[in-house]
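Structure, as structure tokens:
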Amino acid sequence: MTFLLICFHFITQVLSEAPPAQPEEVLFDNWQVTWNPASKLSNVTYTVRYSSFDSDGWKDVPKCRQMDFTSCNVTFIKAEAEHGCVKLEVQAERHGLTSGPVGACTRQGNSCSPEVGLIAHPGFLTVHLSRNSGIALEGYHIKHRIYFGKKGENFEKYEDSVSSVSINNLKEGENYCAKVQYTYFDHPVGLPSCKQCEVIPQSGPGAKKMVVILTIVPVLGILIPCIAYILFQRRKNWLQPSYKIPDTLFIEAWDPPRMPISSNSPTEELCDITSMEFRG
């Protein structure tokens, strides 16, 4: 009877027990995976799983199965990591119950993880990306998948791009985060960058004044030389002396030639002209 009560108590405890909390801060660096336990419960073990470059299936890393530690070296799977691309996740287990898996990320870019930088501006966030290293150099089928959202929310929104992008229409004063992962033919590959967050600054009077200055300066740079050129041409015309055409030129130009009056008879005049023509 006592044995049955113990078994019943054990079964009831197992059935009423919730799965352990997910591990936190799962990081990958130089083929070492580390994480933080989310609770202080005893008898919690952890398993690291991986997925290769062109596979959607997950396998346990042989030396990282049901461990009591919070780190594991995964160099064992390096041979299967084509182009250095491999996805990793960690899940907790206690009394036969497992938590949901948590994907690993990297804070330092590598051959299969992009280098990311964030710069916050009033109303938008710029995500700086580089295509000068890693699989980004392999061809045009490689893109960046940029996940973004408010801090504390799930990253349901994403945008694919081959270069740096700006995320617009963000609320000033709010904290926004982003992470980036490579894609190959729209299929996510490799580890994503770890989440980075920035607060969108307020557009104060100083920022508005700077916008006005940046708008006016180029305009003035174009108008001032044009105005100076026009004034120079006009001044050049003003300095030139006025020139008046002499009246004699008009008289000489428009006075028709007068024929000499001869006292000879018409018959004689005609003979003289004809003679001159033949002689000449």
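General remarks:
- In sequence order, the range 159-174 has phi-based couplings of 9, 9, 8, 9, 8, 4, 9, 10, 9, 9, 6, 9, 6, 5, x, 8 Hz under the Karplus curve 6.51 cos²θ - 1.76 cosθ + 1.60, θ = phi - 60°, and Gly or Pro positions carry x.
- Cα centroid of the range 134-185 to Cα centroid of the range 95-118, whole Å: 15
- Between E174 and F69, the modelled labels are 4.3 nm apart [label points 7 Å from Cα along Cα→Cβ].
- Peptides ranked, highest mean first, by Cβ atoms within 10 Å: ranges 117-129, 149-161: 117-129, 149-161
- Basic side chains Lys and Arg get +1 at the Cβ, acidic Asp and Glu get -1 at the Cβ, and with that the dipole of the range 20-117 about its Cα centre reaches some 280 debye.
- Computed over the range 66-163, the quotient of the alpha carbon radius of gyration and 2.2 N^0.38 Å is 1.34.
- One decimal place: the segment Y140-L97 gains 11.1 nm when fully extended, by the rule 0.36 nm per residue minus the C-alpha distance.
- Length available on full extension from S111 to N36: 0.36 nm per residue minus the Cα-Cα distance, which gives 24.4 nm.
- For the range 59-179, with all protein chains in place and a probe radius of 1.4 Å, 45% of the accessible heavy-atom surface sits on carbon or sulfur.
- Residues in the range 82-101 reached by a label modelled at T45 [backbone nitrogen below 15 Å; 7 Å Cα→Cβ]: 91-99
- Per residue, the range 101-178 exposes 54 Å² of accessible surface when a 1.4 Å probe is rolled over the protein heavy atoms with every protein chain present.
- Estimated at the nearest 10 Å², the accessible area of E89 is 20 Å² with a 1.4 Å probe.
The values are calculated or read from the model by the stated rules, or taken from the named source; none is laboratory data. Keep in mind it's a predicted model, so treat the numbers as computed, not measured. Using ideal geometry, Cβ is built from the backbone for each residue, glycine included, and neighbour counts are taken over all protein chains shown. With ligands, DNA and RNA removed, areas are computed over all heavy atoms of the protein, side chains included. Shrake-Rupley method; radii C 1.70, N 1.55, O 1.52, S 1.80 Å.
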